[in-house]
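Worksheet: the structure to be examined is printed underneath.
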Amino acid sequence: MQLVVGRIGRAHGIKGQVTVEVRTDEPDLRLAPGAVLLTEPATAGPLTVADGRYHSGRLLLSFKGVNDRNGAEALRGTMLIAEIDPEDRPDDPEEYYDHQLIGLAVVLADGTPVGELTEIAHLPSQELLSVQRPDGSEVLVPFVTEIVPEIDMERRRIVLTPPPGLIDTDQAEVASARDDAEASE
């Protein structure tokens, strides 16, 4: 199975390093020195990670055979793809790999459909679930236990208990009216 683990950004310095937008929850494993990554477009690779480090919150990588800024700039926008065993599972039963969750149905606690999980954004401060609604719109949901209390792999769904206004503007209006009514009592 192939999994997109990063996207190459701009060149950094003059020795062939690049910034990488990380798209995996295990960058230390998937983007470690020695890792061989396929690329999209395929003409850019495969690439072998020579070295990596974090600088100002950004992952910097260098690849074997890319020794100068021009070579690094030529890779800009390239997607990095890792080959992984689809049976591979994290050690902790409460953890999941992104590829296990992508495509799961997303529902509210009462079973109301919200959409389908299309992406997990790994940001420095938290992770966000990108859910595509049936109407084609997207909603971003913080991936925290208070909002995502259940992942049901058997039923292939993610259960949400969102605060008012996160999923639907109608919910925000109903919650606001309820809060106003409670305040006047």
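The values are calculated or read from the model by the stated rules, or taken from the named source; none is laboratory data. In this text, all values refer to a predicted model and were calculated from it rather than measured experimentally. Using ideal geometry, Cβ is built from the backbone for each residue, glycine included, and neighbour counts are taken over all protein chains shown.
Kindly indicate whether any position in region 107-122 is part of a loop (DSSP other than H, G, I, E, B), within 12 Å of the chain's Cα centre (by Cα) and in the same structural domain as Arg156 (by TED's automatic domain parsing).
no
Residue by residue through region 1-19, note down the ones that are in contact with a Leu (Cβ under 7 Å, 6 or more places away or on another chain) and farther than 17 Å from Glu119 by Cβ.
Listed by number, the residues that qualify are Ile8, His12, Gln17, Val18, Thr19.
Within the set of pairs 6+ apart or on separate chains, which have a first residue in region 138-153 that is surrounded by 12 or more Cβ atoms within 10 Å (Cβ to Cβ), a second that is among the acidic types (Asp, Glu) and in a strand (DSSP E or B), and C-beta atoms under 8 Å apart?
Hits for this filter: Pro142/Glu127; Phe143/Glu127.
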